[in-house]
Each structure stands twice: as C-alpha cells, then as structure tokens.
1. Kindly indicate whether any position in the stretch 82-97 is under 12 Å from the mean Cα position of the chain (by Cα) and aromatic (Phe, Trp, Tyr).
2. If I ask for residues that are in a helix (DSSP H, G or I) and either of a type in the set (Val, Ile, Thr) or over 17 Å from Asp159 (Cβ atoms) (or both), which ones from the stretch 29-62 would you list?
3. Could you tell me whether Lys187 is closer than 26 Å to Tyr101 by Cβ, exposed (fewer than 13 other Cβ atoms within 10 Å of the Cβ) and either without any contact (Cβ under 8 Å) to a residue 24 or more places away in the chain or among the hydroxyl-bearing types (Ser, Thr, Tyr) (or both)?
4. Go through the stretch 6-55 and count every residue that is over 23 Å from Gly147 (Cβ atoms), of a type in the set (Ser, Thr, Tyr) and either touching a Ser or Thr at 6+ places or on another chain (Cβ under 6 Å) or open to solvent by 30 Å² or more (accessible area, probe 1.4 Å) (or both).
5. Give the number of residues within the stretch 98-110 that are in a helix (DSSP H, G or I) and within 18 Å of the chain's Cα centre (by Cα).
6. Tally up the residues in the stretch 64-87 that are within 15 Å of Glu171 (Cα to Cα), outside any strand (DSSP E or B) and either β-branched (Val, Ile, Thr) or open to solvent by 20 Å² or more (accessible area, probe 1.4 Å) (or both), please.
7. Among the residues of the stretch 197-212, write down those that are in contact (Cβ under 8 Å) with a residue 24 or more places away in the chain, out of contact with any Ser or Thr (no Cβ under 6 Å at 6 or more places or on another chain) and either polar (S, T, N, Q) or in a helix (DSSP H, G or I) (or both).
8. Just one of the numbered conditions (1) open to solvent by 80 Å² or more (accessible area, probe 1.4 Å); (2) assigned to a loop (DSSP other than H, G, I, E, B); (3) within 20 Å of Asp70 (Cα to Cα) is not true of Val129; which one?
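The values are calculated or read from the model by the stated rules, or taken from the named source; none is laboratory data. Worth saying up front: this structure is predicted, and the values here are computed from it rather than measured. Glycine also receives a Cβ, built like all others from the backbone with ideal geometry; neighbour counts cover every protein chain displayed. When the accessible area is computed, the model is the full protein with side chains, heavy atoms only, and any ligands, DNA or RNA have been set aside. Shrake-Rupley method; radii C 1.70, N 1.55, O 1.52, S 1.80 Å.
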Amino acid sequence: VNYITDCLKSLKNQSFKNYEIIVVDSGSDNTEKIAKKMGANVIKQEKNGPGAARNVGAKLSKGRILVFADADCRFSNNFLQEIHEKFSKDIGGGICKLKIYDYDKKSQAIIFNMINLATKTLINLRFIVTSGSCFVYNRKAFFNANGFNEKLITNEDHDLARRVGKKKRFEVFNDIIVETSCRRLKKMGPLKWTLTCLKSSLMYFLNHHGLDEYWN
C-alpha cells in the first residue's frame, strides 16, 4: 500500500486553497519522487527521529497554522477549512478524532474508539495527551514552546502538547475526523501494540523518557 500517495492526494483535493505541503524525507523508498510529482516541497533529512523531522518542516513553513501528519493519514476535502475555522479562536493547538480505514477485525476499530474516548476525556480534564498520527498548532504557540523535543524518540507529541497547553488552550476537535492506518497494530497484534503504547506513555509521564525500541 502506498500510504504517502493517498495522503498527498487527499491534501491536494482540499476546498481550502491557501496552504503549502512540506514533506520531510528521512530516506524512505520513493517518498521524494512521489512527493515532488504531487507538487510538495521535499526536504531531505537524516534519521534523527520524528521530532527533528517535524521541526525542520515547521521552520521552513510559512503558514499561521501548522498541521503535522504521518504519511498514512487521509483527510476529507474540507479538513483544512474546518481547521482554519477552529483556529479563529485563540487556541494553541489540538488533535482530531482518529478513524482507521484498513482494519480487518472489529476489535481493531474498537481499540481506536477507546483511544479517542480516553484522549478526549483526559484533555477535557486538562490532562493533556495526544493520540498520535496528526496534530495541529498555532504557529506562534508552537515556536514559543520551542517545538518538538528532538531528544525524545517517542512521546514528543505528548511533550509538546503539554508545554503548549500550559500557556494556551489545547483542544480535541472531535467533529473533525482524520483517517489513519492500523498497520502497526495488525503487525504487532492488539495486545502487544496496546501494551507497547501504554509502556511508552508511562515512561514519559513517570520519568520524561521515550521508548527507543518502539520503532523497531
């Protein structure tokens, strides 16, 4: 499955037109060729982790709103318009509701529904977490918080959201859906994947570390 192609196609079909697409390529097969063919600005980056790649893209961007998305995300045609409207309010950042598009077992969809519910509940209680895959920030709030912590191999998303959330409101956009793949869940199995995610998050909240073997 060519995830990056589907992701870029969904971004090219947006009803909101004033935006740019930046792809940070850390040596993935065919990414540069595909992204350039679809009109994206491609930046080559050594494999220094997701935080470093996202920071590079943010520094080269020009927009007031920064959307960070994994390559396996897919977006509705009105996604950017809906995001633009959310940031008409004075907020620092937010996450969307995740929906998986390639599950082959109902249990896999249930797990993601539980993640959405847990994330929404915690953020409403002002305990800031994210659910991965896609997050959105006001540019000024992002840079005031000094961007992603590049020393964290995982949990860089939790870390930035919590730092931004101390100064500006961080929200769940529960009415905006981002589709994502559950390929890692299927590869690892529901139990191992869930325990690995929980272990990674606990390592951050208990001692501010990431889980280096998560990407293996």
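1. no
2. Taking the stretch 29-62 first, the residues in a helix (DSSP H, G or I) are 31-37, 50-60.
Passing the criteria: Thr31, Glu32, Lys33, Ile34, Ala35, Lys36, Lys37, Val56, Gly57, Lys59, Leu60.
3. On the way: closer than 26 Å to Tyr101 by Cβ: yes; exposed (fewer than 13 other Cβ atoms within 10 Å of the Cβ): yes; either without any contact (Cβ under 8 Å) to a residue 24 or more places away in the chain or among the hydroxyl-bearing types (Ser, Thr, Tyr) (or both): yes.
The answer is yes for Lys187.
4. Number satisfying all stated conditions: 1.
5. Start the filter on the stretch 98-110 by keeping residues that are in a helix (DSSP H, G or I), which leaves 106-110.
Filter again for within 18 Å of the chain's Cα centre (by Cα), leaving none.
The qualifying residues number 0.
6. 5
7. Within the stretch 197-212, Ser201, Met203, Tyr204, Phe205, Asp212 qualify.
8. With (1) open to solvent by 80 Å² or more (accessible area, probe 1.4 Å); (2) assigned to a loop (DSSP other than H, G, I, E, B); (3) within 20 Å of Asp70 (Cα to Cα) applied to Val129, the lone miss is (1).
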